[in-house]
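The block underneath contains the structure these notes are about, expressed in structure tokens.
Nothing in this text is a laboratory measurement; each read-out follows from the coordinates by a stated rule. Owing to the predicted nature of the structure, the values given are computational and were not obtained by experimental measurement. Don't worry about glycine lacking a Cβ; one is built from the backbone with ideal geometry, like all the others, and counts go over all protein chains shown.
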Amino acid sequence: MSKRDRKRELPPVPEALPASAVDAHTHLDACGAKTPDEVHAIVERAQAAGVGRVVTVADDIASAQWAVEASTWDDRVFAAVALHPTRTKDFDDADREVLEQLVEHPRVVAVGETGLDYYWDYSPPEPQQEAFRWHIDLAKRVGKPLMIHDREAHQDILRILAEEGAPETVVFHCFSGDAEFAQDCVDAGYVLSFAGTATFRNAKALREAAQLVPLEQFVVETDAPFLTPHPFRGHPNEPYCVNYTLRELAELRGMTLEELVVATTATAERVFRLDQA
Ligand SMILES: [Zn+2]
Ligand SMILES: [Zn+2]
């Protein structure tokens with residue numbers, strides 16, 4: 001097998017966690033699942049590693065429809081719906097209508113992912129900001145958490161949240177700031193979700209941030225199939241790999257693995273109201 005082929009292989013399924021964890025942000029469709037059987041297979045692998053529940057997140061309208069459907073196929077799967085900031089260039093009334101309907105579904109536990117992405121050049125800042133404001137309002141109208149995608153847009157995200165008035169619960173998915181920005185988010189009462197990026201050896205500022213967030217505002221995610229944790233960076237990612245991230249973060253924070261799993265699961269349950277979904 002060539003080195004290239006090996007890179008495409010999933011990491012091994014690690015030993016199960018000492019308590020059940022939640023992957024707070026994944027994309028099961030982008031992981032390759034289409035059918036109920038394919039969803040079950042991914043969730044079974046997650047369960048074998050001690051990751052008992054996952055939130056699958058939409059990035060466009062078709063993906064939002066699929067995520068809601070998938071959340072009805074397996075009671076370990078919850079959904080989040082929104083139009084990803086990079087796709088907001090042609091956001092129209094028809095899209096808004098579909099999202100307004102889908103978000104009411106009881107298995108939809110968050111409005112996301114929405115926010116701002118100044119890294120990719122797919123949608124200009126104006127439609128992104130307009131869509132972000134619309135999603136903030138939607139989250140408030142339906143009383144569900146807002147799940148934020150923030151790529152190189154920290155200050156504009158905070159500014160727009162302040163201008164619009166933030167929903168009761170705001171989650172920064174794949175948190176990517178430094179300690180100072182993390183502290184600003186913590187002080188604002190926001191929840192920070194850490195992905196495999198926090199395990200990367202060169203992510204010094206992010207690893208500092210991951211140490212100061214109170215456990216009541218701390219959750220973990222894969223953002224699979226992207227951002228596979230160390231030491232499998234570059235391989236495909238799946239929800240079970242949050243197991244590796246939890247191990248790494250427990251060490252970083254000087255906690256036992258069990259303490260961190262129990263705490264992040266309690267926070268995810270509270271934030272997404274998983275027992276009511
Ligand atoms: Zn994102
Ligand atoms: Zn994502």
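Ordering A79, A58, T267 by the projection of their Cα atoms onto the charge dipole of the range 21-272, which places +1 on the Cβ of Lys and Arg and -1 on the Cβ of Asp and Glu, puts T267 at the extreme positive end. Counting only DSSP H runs of at least 4 residues, each contributing -39500 (n - 2.57), and dividing by the residue count of the chain, the helix-based mean residue ellipticity at 222 nm comes to -13000 deg cm²/dmol. Electrostatic bookkeeping for Q47 treats Lys and Arg as +1 and Asp and Glu as -1; over the other residues with beta carbon under 14 Å from its beta carbon, the sum is -3. About the centre of its Cα atoms, the range 184-277 shows a dipole size close to 300 debye [charges on the beta carbon of Lys, Arg (+1) and Asp, Glu (-1) only; nearest 20 debye]. Between the range 141-209 and the range 29-73, the alpha-carbon centres lie 24 Å apart. Between E69 and E180, the FRET efficiency estimated from the beta carbon spacing at R0 = 45 angstrom works out to 0.65. Only one residue of L158, A179, L10 has its Cα farthest out toward the positive end of the dipole of the chain, where Lys and Arg carry +1 and Asp and Glu -1 on Cβ, and that residue is L10.
Note on L252 and E130: the model spin-label points, each 7 Å out from Cα along the C-beta direction, lie 3.7 nm apart.
Backbone amide hydrogens, once placed in the peptide plane, bring F78 within less than 5 Å of V54, V55, T56, excluding anything fewer than 5 places away on its chain. The label point for R201 and the one for R96, both projected 7 Å from the Cα toward the Cβ, are 5.0 nm apart. Oblate is the label for the range 21-272, because a/c, from the alpha-carbon gyration tensor with a ≥ b ≥ c as root eigenvalues, is 1.5 or above and a/b does not exceed b/c.
Fully extending the segment from L215 to D37, taken as 0.36 nm per residue of separation minus the present Cα-Cα distance, adds 60.6 nm.
Which loop trypsin sites (Lys or Arg not before Pro) in the range 227-256, with loop taken from DSSP, have no more than 16 other Cβ atoms within 10 angstrom of their Cβ? Please list the in-between numbers first.
On the way: sites: R233, R247, R253; in loops: R233.
Passing both the DSSP loop test and the Cβ count: R233.
Dipole magnitude for the range 1-152: about 580 debye, using +1 per Lys or Arg Cβ and -1 per Asp or Glu Cβ, origin at the Cα centre. Positive-end ranking of I42, Y244, G115 along the dipole of the chain, with charges on Cβ about the Cα centre, is headed by Y244. Relative contact order of the chain: 22 percent, from C-alpha pairs under 8 Å at least 6 residues apart in sequence.
About its Cα centre, the dipole of the chain is roughly 920 debye, where the only charges are +1 on Lys and Arg Cβ and -1 on Asp and Glu Cβ. Spacing of the modelled spin labels on A48 and E208, each 7 Å from Cα toward Cβ, amounts to 4.1 nm.
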